[in-house]
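One structure is given below, encoded as structure tokens.
The values are calculated or read from the model by the stated rules, or taken from the named source; none is laboratory data. Bear in mind the structure is a predicted one, so any value in this text is a computation, not a measurement. With ideal geometry, Cβ positions are generated from the backbone for all residues, glycine too; neighbour counts draw on all protein chains shown.
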Amino acid sequence: MNTRLANVTVALAAVTAFVLAGCSPTEDPDSGPAMPKPVSFEGKVDPALVGNWSTKDLHSVITLFKGGEALILAVAKTPGGEAKSQYAGQWLSTPNDLLLKYSVPGQGDTTVKYGYKLADGKLTLTSGIGTKTEYQIK
């Protein structure tokens, strides 16, 4: 009798595990793309990065102030012409990354991390997806 009770108990446990595994929630295909990981805004102001940096075509200008303030200007080409954006925020750096933090109305704070290389008066920023943009000091 004890063997039969043990077999029934094992069978019930197996059925319960099977039902629970089969009923576990799945990812909703309509939930949209995965959200990017939050970026921590930690580092220091590096005096070597202070300045007014711009791309050759002037479609992107980043001004990094010695107090940690930042001004970001961007021009994007659209079917309706050029769209200009301007953001004021803060900046910090780590040995490998430039961090820009700014507020977007209705969306709150945004922190963006770029890999950077500073050489020969040029600042090259690399986005999280590998896009490189070269800036020159003005």
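Scanning for something surrounded by fewer than 15 Cβ atoms within 10 Å (Cβ to Cβ) and closer than 17 Å to Ser127 by Cβ, does the stretch 80-87 turn up at least one residue?
Yes: the stretch 80-87 contains one or more residues that are surrounded by fewer than 15 Cβ atoms within 10 Å (Cβ to Cβ) and closer than 17 Å to Ser127 by Cβ.
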Q) Any chance the stretch 34-43 includes a residue that's surrounded by 10 or more Cβ atoms within 10 Å (Cβ to Cβ), within 21 Å of Ser103 (Cα to Cα), β-branched (Val, Ile, Thr) and modelled with pLDDT under 95? A) yes
Q. Residues Val112, Val104: which one is surrounded by fewer than 16 Cβ atoms within 10 Å (Cβ to Cβ) and either in contact (Cβ under 8 Å) with a residue 60 or more places away in the chain or closer than 18 Å to Val39 by Cα (or both)?
A. Val104
Q) With respect to Thr126, is the statement that it is within 24 Å of Pro38 (Cα to Cα) and surrounded by 15 or more Cβ atoms within 10 Å (Cβ to Cβ) true? A) yes
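A quick yes/no check of all residues on (1) in a strand (DSSP E or B); (2) touching a Leu at 6+ places or on another chain (Cβ under 8 Å); (3) modelled with pLDDT under 95:
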{"residue": "Ile62", "(1), (2), (3)": "yes, yes, no"}
{"residue": "Gly67", "(1), (2), (3)": "no, no, no"}
{"residue": "Ala76", "(1), (2), (3)": "yes, no, yes"}
{"residue": "Tyr87", "(1), (2), (3)": "yes, yes, yes"}
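Condition first: surrounded by 11 or more Cβ atoms within 10 Å (Cβ to Cβ) and not hydroxyl-bearing (Ser, Thr, Tyr). Now tell me which residues in the stretch 47-65 satisfy that.
Leu49, Val50, Gly51, Asn52, Trp53, His59, Val61, Ile62, Leu64, Phe65
Looking only at the stretch 66-79, which residues are of a type outside the set (Val, Ile, Thr) and surrounded by 14 or more Cβ atoms within 10 Å (Cβ to Cβ)?
Answer for the stretch 66-79, where residues must be of a type outside the set (Val, Ile, Thr) and surrounded by 14 or more Cβ atoms within 10 Å (Cβ to Cβ): Gly68, Ala70, Leu71, Leu73, Ala74.
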